[in-house]
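> The structure under discussion is supplied below as structure tokens; questions concerning it will follow.
The values are calculated or read from the model by the stated rules, or taken from the named source; none is laboratory data. Note that the structure is predicted; figures quoted are calculated from it, not measured. Using ideal geometry, Cβ is built from the backbone for each residue, glycine included, and neighbour counts are taken over all protein chains shown.
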Amino acid sequence: MTIKVGDKVPSVTLRYLAPDGVKAVSSDEFFAGKKVALFAVPGAFTRTCSQRHLPSYVTNEAQLKAKGVDTIACLAVNDPFVMGAWGKEHKAGDIVMLGDGSGDFTRAIGLELDRIKEGMGIRSQRYSMLVDNGVVKALHIEEPGQFEVSSAETMLKTL
């Protein structure tokens, strides 16, 4: 079942690369008490994700924060080392690059994407969501292969 507006985000462990190494954080802790603009991509370093999706949030980081977003996070079914390297390459600034390496979060919200035939395994669908204190306030799910509704520009209109 796919997560929907009004649902609480599931409780799982996510990981990110900090200056002193990999940090594990529960989703309960990560989303607690703040407004988070979360966007997910099928894979770090992939074409649309690198050319359009992540750059839209890097470019609009200040505008999102000016509209009340406390944290911007990018999630992919990749490990935290890959996410960290990808964020560094794209100068992601304060955007938290979350690794959902085993796909636990992605499965729990019902947004997995089967890319086995393409040699990528099970990944996340492309989407964005606004989460306020752990509750989904807006959700923008892309059709597979599309990049229309999950950009930072759409998130800004949501705010």
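> Please determine, by comparing only the residues of the range 1-26 that are of a type outside the set (A, V, I, L, M, F, W, C) and in a strand (DSSP E or B), which one is farthest from residue 95 (Cα to Cα).
Step one: of the range 1-26, the residues of a type outside the set (A, V, I, L, M, F, W, C) are 2, 4, 6-8, 10-11, 13, 15-16, 19-21, 23, 26.
Those left that are additionally in a strand (DSSP E or B): 8, 13, 15-16, 21, 23, 26.
Numbers: 8: 22, 13: 18, 15: 14, 16: 11, 21: 17, 23: 15, 26: 17 Å.
Checking each candidate, the answer is 8.
> Output the number of residues of the range 48-66 satisfying the condition of being farther than 18 Å from residue 89 by Cβ and either exposed (fewer than 14 other Cβ atoms within 10 Å of the Cβ) or without any contact (Cβ under 8 Å) to a residue 60 or more places away in the chain (or both).
As a first pass, look at the range 48-66 and keep what is farther than 18 Å from residue 89 by Cβ: 60, 62-66.
Among the residues that remain, those that are also either exposed (fewer than 14 other Cβ atoms within 10 Å of the Cβ) or without any contact (Cβ under 8 Å) to a residue 60 or more places away in the chain (or both) are: 62, 65-66.
Within the range 48-66, residues that are farther than 18 Å from residue 89 by Cβ and either exposed (fewer than 14 other Cβ atoms within 10 Å of the Cβ) or without any contact (Cβ under 8 Å) to a residue 60 or more places away in the chain (or both) number 3.
> Return yes or no: is residue 77 out of contact with any helix residue (DSSP H, G or I) (no Cβ under 8 Å at 6 or more places or on another chain) and among the hydrophobic types (A, V, I, L, M, F, W, C)?
Working: out of contact with any helix residue (DSSP H, G or I) (no Cβ under 8 Å at 6 or more places or on another chain): no; among the hydrophobic types (A, V, I, L, M, F, W, C): yes.
So residue 77 does not fit the description; no.
> Could you please tell me which pairs satisfy a Cβ distance under 7 Å, a separation of 6+ or placement on different chains, a first residue in the range 136-150 that is modelled with pLDDT under 90, and a second residue that is crowded, with 16+ Cβ neighbours inside 10 Å and of a type in the set (Asp, Glu)?
148/142
> From the list 12, 25, 5, which one is among the aliphatic types (A, V, I, L, M) and touching a helix residue (DSSP H, G or I) at 6+ places or on another chain (Cβ under 9 Å)? Reasoning before the result, please.
On the way: 25 fails: touching a helix residue (DSSP H, G or I) at 6+ places or on another chain (Cβ under 9 Å); 5 fails: touching a helix residue (DSSP H, G or I) at 6+ places or on another chain (Cβ under 9 Å).
Within the list 12, 25, 5, the selection yields 12.
> Is at least one residue of the range 39-56 touching a strand residue (DSSP E or B) at 6+ places or on another chain (Cβ under 9 Å) and of a type in the set (D, E, K, R)?
Checked the range 39-56: no residue is touching a strand residue (DSSP E or B) at 6+ places or on another chain (Cβ under 9 Å) and of a type in the set (D, E, K, R).
> Next question. Name the residues in the range 12-34 that are small (Gly, Ala, Ser) and either at positive phi or surrounded by 14 or more Cβ atoms within 10 Å (Cβ to Cβ) (or both), would you? Quick ask: steps written out before the conclusion?
Quick first cut of the range 12-34, residues small (Gly, Ala, Ser) only: 18, 21, 24, 26-27, 32-33.
Within the range 12-34, 21, 27, 33 meet the criteria.
Per-residue answers, yes or no, for (1) surrounded by fewer than 17 Cβ atoms within 10 Å (Cβ to Cβ); (2) out of contact with any Phe, Trp or Tyr (no Cβ under 9 Å at 6 or more places or on another chain); (3) at pLDDT below 95:
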{"position": "72", "(1), (2), (3)": "no, no, no"}
{"position": "80", "(1), (2), (3)": "no, no, no"}
{"position": "93", "(1), (2), (3)": "yes, yes, yes"}
{"position": "99", "(1), (2), (3)": "no, no, no"}
{"position": "113", "(1), (2), (3)": "no, yes, yes"}
{"position": "118", "(1), (2), (3)": "yes, yes, yes"}
{"position": "121", "(1), (2), (3)": "yes, yes, yes"}
